[in-house]
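*Asks:* Dumping the structure here so I can ask a few things about it.
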Amino acid sequence: MLNNGDLYTLSFSFTQQDVNTFAEVTGDNNPIHLDENYASQTVFKRPIIHGFLGGSIFSRILGTLFPGQGSVYLKQSLEFLRPMYVNEEYEAVCTIKEVNREKNQALIETVVKQKQTGKVVIKGEAVVMNKAKI
């Protein structure tokens with residue numbers, strides 16, 4: 001059973017191949033993600049990861065790890081605060097903010113931090129339902 005304040009953390013990174021595959025699947029082939037020469041001329045100086053690829057880590061966590069199998073994603077907000085880069089280590093942190101046992105739902109704070117600096121790159125909230133775990 002989940003309680004307010006429960007949290008789950010997961011370290012992760014994405015490769016350029018992950019970014020290329022995401023671009024292929026979604027059709028988002030913006031050169032800021034794929035072309036080193038193009039990206040070098042931008043404020044980022046190198047290719048950045050798609051925001052939704054970075055945020056997709058929450059689908060992995062909430063659907064399979066915390067609260068776990070059987071979860072149904074009902075809602076997610078995301079703010080992209082800083083760029084994410086390939087082959088850098090990040091940490092996703094999911095914290096239970098509110099539990100509604102009548103509806104088998106939980107409101108979860110979702111944050112991605114750059115592991116080395118601790119700077120928040122993505123923040124938001126999710127609502128999940130899981131009859132067996134909430």
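*Asks:* Of all residues being surrounded by fewer than 20 Cβ atoms within 10 Å (Cβ to Cβ) and aromatic (Phe, Trp, Tyr) in region 57-84, which is modelled with the lowest pLDDT? Just the residue, please.
*Replies:* It comes out as TYR73.
*Asks:* Quick check on my filter: what residues within region 4-45 are part of a helix (DSSP H, G or I), under 19 Å from the mean Cα position of the chain (by Cα), without any contact (Cβ under 8 Å) to a residue 40 or more places away in the chain and surrounded by 13 or more Cβ atoms within 10 Å (Cβ to Cβ)?
*Replies:* ASN20, THR21, PHE22, ALA23, HIS33
*Asks:* Within region 46-56, count every residue that is farther than 20 Å from THR110 by Cβ and either surrounded by fewer than 18 Cβ atoms within 10 Å (Cβ to Cβ) or acidic (Asp, Glu) (or both). Outline the logic, then answer.
*Replies:* Our first condition is that a residue be farther than 20 Å from THR110 by Cβ; within region 46-56, this holds for 46-47.
If we keep only those that are either surrounded by fewer than 18 Cβ atoms within 10 Å (Cβ to Cβ) or acidic (Asp, Glu) (or both) too, we end up with 46.
Number satisfying all stated conditions: 1.
*Asks:* Among the numbered criteria (1) in contact with a Cys (Cβ under 8 Å, 6 or more places away or on another chain); (2) not small (Gly, Ala, Ser); (3) not in a strand (DSSP E or B), which one does THR110 miss?
*Replies:* THR110 satisfies all of (1) in contact with a Cys (Cβ under 8 Å, 6 or more places away or on another chain); (2) not small (Gly, Ala, Ser); (3) not in a strand (DSSP E or B) except (3).
*Asks:* Out of VAL127, VAL120, which single residue is free of Cβ contacts under 8 Å to residues at least 40 places away in the same chain and either within 17 Å of the chain's Cα centre (by Cα) or under 17 Å from GLY51 (Cα atoms) (or both)?
*Replies:* Working: VAL127 fails: free of Cβ contacts under 8 Å to residues at least 40 places away in the same chain.
Going through VAL127, VAL120 in turn, just one is free of Cβ contacts under 8 Å to residues at least 40 places away in the same chain and either within 17 Å of the chain's Cα centre (by Cα) or under 17 Å from GLY51 (Cα atoms) (or both): VAL120.
*Asks:* Quick check on my filter: what residues within region 48-71 are in a helix (DSSP H, G or I) and within 22 Å of GLU36 (Cα to Cα)?
*Replies:* Across region 48-71, the qualifying residues are GLY51, PHE52, LEU53, GLY54.
The values are calculated or read from the model by the stated rules, or taken from the named source; none is laboratory data. None of these values were measured; they are calculated from a predicted model. Using ideal geometry, Cβ is built from the backbone for each residue, glycine included, and neighbour counts are taken over all protein chains shown.
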